[in-house]
There are 2 protein chains.
Amino acid sequence: MNQKIKEDNVKIYKGHIIFTESPEKFNIVENGFIIVENGKVKKVVSEIPEEYKNIPVSDFGNKMIIPGFVDLHLHAPQFPNVGLGLDKELLPWLEEYTFPEEAKYKDLDYARKVYSRVVEELWKHGTTRSVIFGTVHKEATSLLFDLLVEAGLGAYVGKVNMDRNCPDFIREDTQQSLKDTREYLEAHIGKSDLVKPIITPRFVPTCSVEILEELGKMAKEYDVPIQSHLSENTGEVEWVKELHPEHKNYASVYECYNLFGQKPTVMAHCIYNTEDEVGLMKNNEVFVAHCPHSNLNLSSGIMPVRHYLNKGLNVGLGSDVSGGHDISIPSVMAVAVQASKIKWLETNKEFAPLTTPEVFYLGTKGGGKFFGKVGSFEEGYEFDALVIDDSNFFGDDLTLEERIQRFIYLGDDRNIIERYVAGNKVEKPNF
Amino acid sequence: MNQKIKEDNVKIYKGHIIFTESPEKFNIVENGFIIVENGKVKKVVSEIPEEYKNIPVSDFGNKMIIPGFVDLHLHAPQFPNVGLGLDKELLPWLEEYTFPEEAKYKDLDYARKVYSRVVEELWKHGTTRSVIFGTVHKEATSLLFDLLVEAGLGAYVGKVNMDRNCPDFIREDTQQSLKDTREYLEAHIGKSDLVKPIITPRFVPTCSVEILEELGKMAKEYDVPIQSHLSENTGEVEWVKELHPEHKNYASVYECYNLFGQKPTVMAHCIYNTEDEVGLMKNNEVFVAHCPHSNLNLSSGIMPVRHYLNKGLNVGLGSDVSGGHDISIPSVMAVAVQASKIKWLETNKEFAPLTTPEVFYLGTKGGGKFFGKVGSFEEGYEFDALVIDDSNFFGDDLTLEERIQRFIYLGDDRNIIERYVAGNKVEKPNF
C-alpha cells in the first residue's frame with residue numbers, strides 16, 4: 001500500500017490551468033490539477049498521483065485557474081483621482097491633482113476611508129501582490145500596511161520621501177523625513193510574511209542629495225528594497241539634467257546613492273532611458289514597472305518594452321493609479337499590447353508587438369519575480385491564484401488560449417470568483 | 001389660468017443632465033429637467049415651466065442623464081471573435097479570423113444565436129444607434145435588421161457586397177450580389193422608423209468595378225446611405241493603388257462610383273488619407289468613423305482626429321467589433337483620447353490631444369448627426385438617453401464634469417440603469 005500524504009498541509013485544485021513559465025507561450029493543462037503543499041505549488045498534473053488520492057479536490061469544473069496578478073507600481077493615495085484630471089501632462093498633473101490629494105493623508109480618518117477601498121479594489125481585481133507608494137505620512141502609510149495585512153494580500157508599501165521642489169503643504173523637512181522613514185521601517189520589518197516596507201524616494205526632482213544618500217544607506221542597513229520613478233517624461237528628464245549636471249544621466253543619480261539595484265529595485269516608467277541606463281538596469285537587475293495606461297493618459301510616450309525584453313531586463317506591469325485610470329492588471333495587459341503595436345509602427349517595425357502570452361507573463365511572473373517565487377505555477381512557487389469564470393462570454397468552442405485572451409481583453413472583476421495568496425483563500429476584506 | 005399641456009405625449013425626466021451641444025464643453029444642468037414631447041426633446045430646464053406642472057416627473061435623483069451612445073461602425077457577425085486573433089494585422093486577420101466566421105451566417109440558426117447576443121450587448125452598453133455591417137447573406141442580415149426593430153434600437157444595417165479578392169467560400173457572384181442587395185433594400189425600406197438599410201460594399205479591394213457602379217446607382221435610386229472602409233492600413237492602401245492605377249487615390253474610387261457622399265456616407269478608419277481625400281470628404285460631407293481600439297489592435301496606426309476636426313469633417317466613433325474588442329462606446333472614447341495623445345507626441349505637439357468633452361461629443365452628437373437630430377438634448381433632438389448611476393465609484397465631492405469623465409474612463413454596463421430611444425424606454429431584449 002502506498003504511503004499517503006498527510007491531508008493537513010496539502011490542497012488540490014482542479015480546473016483548466018493556465019500560466020506562463022516563460023513569455024513565449026502559455027502552459028496549459030486542460031482539466032488539470034494543482035497540488036499545493038504548505039501554500040506552495042508542488043506540481044501541476046493531468047492525473048492525481050496515487051499518493052495524493054486521499055486528498056479532497058476543489059473542483060472548479062470548466063473554469064480557468066491562473067496565477068494572481070502582480071502590480072509593480074501604484075499610488076494608493078491617488079485612488080480618489082482615478083479617471084480624473086487626464087487632460088494634463090506629468091508635471092502640471094502632479095501640481096494640480098496629485099499633491100493636493102496626497103496632502104489629505106495627514107488625516108487618518110480620510111486615509112482609512114480611501115485605503116480600505118483601495119485594498120478592496122486590489123482584491124476585487126485579482127491583484128494578489130503589489131508594490132505601492134503611500135504618501136509622506138508615516139501614520140497613514142502604516143495604516144495602509146496594516147489594512148493589506150488584514151486583507152491577506154501581498155505587498156511592498158513605501159512611505160514617500162520628498163523634501164524639495166514640491167508645494168510647502170506636502171514638502172518634508174529632510175531630517176524629519178529620514179526619522180519618520182527609519183521609524184516606519186523599524187515598526188514594520190518582520191511584521192508580516194506577505195506585506196513588507198520598501199524605501200520610496202518619490203523621484204530625483206523632489207529628493208535632496210542628502211535624503212537620497214541616507215535612504216541608500218537605510219536600504220542597506222535594513223536590507224529592504226527600493227522603488228522610485230525614472231524617465232517618464234521628456235520635461236522631467238530635462239529637469240533632472242538641470243538639477244544634476246554632475247551626473248551622466250538620470251539613473252546614475254539613483255545609482256550614485258545606492259538606490260539602483262544595490263538592493264532589489266523597481267523603477268516605474270523608463271520611457272526615455274538611454275542605452276547607458278538600460279545597461280545599468282541590466283547589470284544591477286533593476287526591475288522596470290511598465291505602466292502603459294498612465295503613459296498614454298499623461299501623454300508621456302510609449303516605453304520600448306520589446307527592446308528591454310531583448311536586453312534581458314526584468315519587466316513587470318504597473319497600473320500606476322491614478323496616472324493610470326484602471327487598477328485592473330488585465331486592462332493594463334491589453335493596453336500594453338496596443339501600445340507595443342504603435343511602438344512597432346514608430347520603430348519602422350523593428351520592435352515586434354507584445355504577444356498575448358508575453359503580456360500575461362509580464363503581469364504575473366515578470367512582476368512576481370520581485371516577490372521571489374511568485375506569478376507562476378512551477379514547483380516551489382507561492383500559490384497565488386485566481387479562478388476565472390468566463391461563462392458570460394459568447395461562444396463555447398474556444399480553445400483555452402482563446403479563452404484566456406478574451407478574458408484579458410474583455411474580462412472584469414465579475415469573472416474572478418476566487419482568489420488565493422500564498423495558499424490561502426482570500427475573502428473580500430471586511431473593514 | 002395657464003393652458004396645461006396634454007399629458008399623453010409629454011414626459012419629464014429629472015436628474016443631472018449632461019450633453020455636448022458643441023465639442024468645446026459639456027452642457028450641464030445640475031438637478032435639471034428634460035421635457036420630452038412626442039419622443040423629441042422640447043427643452044432642458046432648471047425649473048419646470050408653469051404649463052408643464054401637471055405632468056408627472058420621472059425623478060432620477062443624483063443620477064446623470066446623458067445622450068445614448070452612437071456607434072458608427074461595427075461588424076455584427078464578427079462578435080464571436082471579440083478579444084481573439086489580435087496578434088494579426090488587417091489583411092491576415094481578415095483571411096484567418098474574419099472571413100471564416102462570416103461564412104457561417106448562411107446558417108440562420110447560427111445567425112440568430114449571434115445576432116440576438118449582439119443586439120443585447122448593444123442594449124447593455126447603451127449604444128442606442130449604430131451603423132452595422134452584416135455579411136453577404138441577405139437572409140441573415142434581414143434577421144439582424146428584424147432583431148434590432150424588435151429590440152427598439154436605432155440602426156443602419158447593411159448586407160455586405162464582395163465579389164473579388166476574397167476566399168471562394170465567401171465570395172459572391174456579381175449579379176447575385178446585386179440582386180440580393182436590391183431585394184434586401186426593397187424588403188426593408190420603410191419597414192421601421194428606427195432601423196434602415198444601408199448600401200455596404202465591403203471595401204474597394206473586394207468589390208469589382210461593376211458592383212461599385214451598380215451600388216452607386218442603387219443608393220441613388222432607393223435614396224439610401226452608404227458605408228464602407230477607407231485607408232485603414234498601409235498595405236491596404238498600396239493594394240488599392242495596384243488595383244486602380246487609373247484613380248488618383250483610394251477615396252476617388254468610391255467617389256467615381258457615387259459612393260462617397262452623393263448619398264450620406266460613413267467611411268471607417270481613414271488613417272492614411274491624403275489631403276486630397278480629406279478635402280473630398282469635407283466637400284462631400286462624408287462621415288469618418290474613428291475606431292481607435294481596432295486601429296491599435298490591428299497595428300493599423302493612429303487616425304489624425306485633430307486634423308480632421310480642424311478641417312471640419314464629420315467625425316464619430318466606432319467600436320469596429322471585432323477589430324475592436326470592446327463594443328462599449330465609453331471604452332472607445334477613453335482609448336480615442338489615449339491615441340490622440342500619442343499622435344500629439346508623434347506630430348511634435350502639432351495635433352492637440354482630444355479633451356473629454358470632445359470625445360464625448362464624438363460618441364454622441366458627432367456620430368448622431370448621421371441619424372439626423374440624434375446625440376444631443378437640444379430642442380428637436382430625438383430623446384435617446386441613458387441614466388447613469390455612478391454611486392459605486394469612490395468620492396462624493398466631485399463635480400458633474402468629473403463624474404462623467406470618470407464614467408467614461410471607468411464605467412461599465414452596470415452603471416447604465418435605463419435606456420431610451422426616440423422617447424421610448426427600451427428594456428432588455430427578450431429574444
Which residue, of A:VAL82, A:VAL36, A:VAL57, is in contact with a Lys or Arg (Cβ under 9 Å, 6 or more places away or on another chain) and assigned by TED's automatic domain parsing to the domain that holds A:ALA140?
A:VAL82
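Farther than 19 Å from A:ALA339 by Cα, away from chain A (no Cβ under 14 Å), crowded, with 24+ Cβ neighbours inside 10 Å and in contact with a His (Cβ under 6 Å, 6 or more places away or on another chain), is that true of B:ALA289? Break it down stepwise before answering.
Values: farther than 19 Å from A:ALA339 by Cα: yes; away from chain A (no Cβ under 14 Å): yes; crowded, with 24+ Cβ neighbours inside 10 Å: yes; in contact with a His (Cβ under 6 Å, 6 or more places away or on another chain): yes.
In short, yes.
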Any residue in the range B:324-331 that is within 20 Å of the chain's Cα centre (by Cα), more than 10 Å from chain A (Cβ to nearest Cβ), of a type outside the set (Gly, Ala, Ser) and crowded, with 24+ Cβ neighbours inside 10 Å?
yes
Residue pairs qualifying under the 9 Å Cβ cut-off, at least six apart or on distinct chains, with the first in the range B:362-374 being at positive phi and the second being open to solvent by 10 Å² or more (accessible area, probe 1.4 Å), are B:GLY372/B:TYR381; B:GLY372/B:GLU382
Which of the residues spanning the range A:177-198 are open to solvent by 20 Å² or more (accessible area, probe 1.4 Å), within 12 Å of A:VAL224 (Cα to Cα) and part of a loop (DSSP other than H, G, I, E, B)?
A:ILE189, A:GLY190
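Quick one: would you say B:SER208 is at pLDDT 95 or above and more than 28 Å from B:TRP123 (Cβ to Cβ)?
Values: at pLDDT 95 or above: yes; more than 28 Å from B:TRP123 (Cβ to Cβ): yes.
The answer is yes for B:SER208.
For the range B:376-409, name all the residues that are polar (S, T, N, Q) and surrounded by 18 or more Cβ atoms within 10 Å (Cβ to Cβ).
Narrowing the range B:376-409 to residues polar (S, T, N, Q): B:376, B:391-392, B:399, B:405.
Within the range B:376-409, B:SER376, B:GLN405 meet the criteria.
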Matching residues in the range A:33-46 - criterion: being in a strand (DSSP E or B) and without any contact (Cβ under 8 Å) to a residue 24 or more places away in the chain
A:VAL45
Subset of the range B:332-374 (residues that are over 19 Å from B:VAL278 (Cβ atoms), away from chain A (no Cβ under 12 Å) and assigned to a helix (DSSP H, G or I))
B:VAL332, B:PHE360, B:TYR361, B:GLY363, B:THR364, B:LYS365, B:GLY368, B:PHE371
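So if I check each of A:GLY301, A:GLY235, which one is open to solvent by 30 Å² or more (accessible area, probe 1.4 Å) and closer than 26 Å to A:HIS325 by Cα?
Values: A:GLY301 fails: open to solvent by 30 Å² or more (accessible area, probe 1.4 Å).
Just one listed residue meets the conditions, A:GLY235.
A quick yes/no check of all residues on (1) open to solvent by 50 Å² or more (accessible area, probe 1.4 Å); (2) modelled with pLDDT of 95 or more; (3) polar (S, T, N, Q); (4) assigned to a strand (DSSP E or B):
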residue	(1), (2), (3), (4)
A:LYS14	no, yes, no, yes
A:PHE26	no, yes, no, yes
A:GLU30	yes, yes, no, yes
A:ILE48	no, yes, no, no
A:ASP59	yes, yes, no, yes
A:LEU72	no, yes, no, yes
For the range B:98-145, give me each residue that is modelled with pLDDT under 95 and open to solvent by 20 Å² or more (accessible area, probe 1.4 Å).
B:PRO100
Counted residues in the range B:152-176 being closer than 15 Å to B:PRO197 by Cα and either small (Gly, Ala, Ser) or assigned to a helix (DSSP H, G or I) (or both) come to 3
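Being under 26 Å from A:LEU362 (Cβ atoms) and in contact (Cβ under 8 Å) with a residue 24 or more places away in the chain, is that true of even one residue in the range A:158-169? Walk me through it before giving the result.
First pass over the range A:158-169, keeping only residues under 26 Å from A:LEU362 (Cβ atoms): A:158, A:160.
When the remaining residues are screened for being in contact (Cβ under 8 Å) with a residue 24 or more places away in the chain, the result is A:158, A:160.
Yes.
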For the list (1) without any contact (Cβ under 8 Å) to a residue 40 or more places away in the chain; (2) touching a strand residue (DSSP E or B) at 6+ places or on another chain (Cβ under 6 Å), I need the number of the one condition that A:GLU172 fails.
(2)
Tally of residues being open to solvent by less than 20 Å² (accessible area, probe 1.4 Å) and under 16 Å from A:THR265 (Cα atoms) across the range A:146-160:
5
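For the range A:309-323, enumerate the residues that are out of contact with any Cys (no Cβ under 8 Å at 6 or more places or on another chain) and away from chain B (no Cβ under 12 Å). Spell out how you get there, then give the answer.
Initial filter on the range A:309-323 (out of contact with any Cys (no Cβ under 8 Å at 6 or more places or on another chain)): A:309-316, A:321-322.
Passing the criteria: A:LEU309, A:ASN310, A:LYS311, A:GLY312, A:LEU313, A:ASN314, A:VAL315, A:GLY316.
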Inspect all residues belonging to the range B:375-386 and state whether any of them is part of a loop (DSSP other than H, G, I, E, B) and of a type in the set (A, V, I, L, M, F, W, C).
yes
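The values are calculated or read from the model by the stated rules, or taken from the named source; none is laboratory data. Remember, it's a predicted structure, so these values are computed and weren't measured experimentally. Backbone-built Cβ (ideal geometry, glycine too); neighbour counts: all protein chains shown. Surface accessibility is based on the protein's heavy atoms, side chains included, excluding ligands, DNA and RNA. Shrake-Rupley method; radii C 1.70, N 1.55, O 1.52, S 1.80 Å.
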